[in-house]
Amino acid sequence: MKNYVIKGGVLCREKDDQVLARIKSVLNSRQKTITLPDGGSMSTDVRSREDAKKPESDDVRQREYVLLDGQGHLVAAARPDYAPGQDPALEGWPVSHMPRVNQARLQMEGGSYQLAMENSQYYTLQDQEGNILLRLVHRGLLGGWNLETEVDFGGGVLCGLFLFCRYIEKENEFMVV
């Protein structure tokens, strides 16, 4: 088991605090930049899907989260979806709140995965057989997040997956008008 910690936008190995990546925000944007110790970089963003029927729609299924390498090539893409029983196409749009989003279908390295928000402090990444490949757990009063995995994800990919989880969380925030 490999254990990592993200705190203050810095990803470190838990055992020796070696910095593996840093996350930086882009002003007034959902875009994030991930800088790597070797000088390389990656970025994440939320964009309308290329095949979106209504790109301007509030339906989260019209969006995708993307992780790009330093040259702008797609590394991973996640398509968010509603929690069971929350699909507005089947249940109608709720009057008092937005439908809850708790999952995203992830395409990465030729594979398909499920990123799930179990609750606001616990996320999992599962393969198609249901094996948990990555756990992201909030550290409570200590602050930050613990990441536990058996897979050799690079620091940039781990940060990208973490940011995808944060994007899912943002989908559920109450909008004030």
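Assuming charge only on the beta carbon of Lys and Arg (+1) and of Asp and Glu (-1), the dipole of the stretch 1-71 about its Cα centre is about 160 debye to the nearest 20. For GLN103, nonlocal amide neighbours, meaning residues 5 or more places apart or on other chains whose placed amide H falls under 5 Å from its own, are ASP81, MET117.
Shape summary: the stretch 1-80 maps onto an equivalent ellipsoid whose semi-axes, from the alpha-carbon gyration tensor, are 29, 13, 12 Å in decreasing order.
In a simple Cβ point-charge model (Lys, Arg +1; Asp, Glu -1; nothing else charged), the stretch 96-177 has a dipole of about 340 debye relative to its Cα centre. With all protein chains in place and a 1.4 Å probe, the accessible surface of the stretch 74-149 carries 48 percent carbon and sulfur. Per residue, the accessible area of the chain comes to 57 Å², computed with a 1.4 Å probe over protein heavy atoms only.
Note on the chain: with a GNM built from Cα contacts shorter than 10 Å, the maximum mean-square fluctuation among VAL60, VAL101, VAL151 falls on VAL151. Return the carbon/sulfur percentage of the accessible area of the stretch 1-61, one whole number, probe 1.4 Å, all protein chains in place. Carbon and sulfur together cover 44 percent of it. FRET efficiency for the pair GLU50 and LYS15, taken as 1/(1 + (r/R0)^6) with r the Cβ-Cβ distance and R0 = 30 Å, rounds to 0.15. Remark: relative contact order (the chain) = 20 percent; criterion is Cα-Cα distance under 8 angstrom and separation of 6 or more residues.
Computed extension length for GLU118-MET1: 40.1 nm, one decimal, from 0.36 nm per residue of separation with the Cα-Cα distance subtracted.
The values are calculated or read from the model by the stated rules, or taken from the named source; none is laboratory data. Everything numeric here is computed off the predicted structure, so don't read it as measured data. When we count neighbours, we look across all protein chains shown, and the Cβ atoms used for this are built from the backbone with ideal geometry, even at glycine. SASA here: full protein model, heavy atoms, side chains in, ligands and nucleic acids out. Shrake-Rupley method; radii C 1.70, N 1.55, O 1.52, S 1.80 Å.
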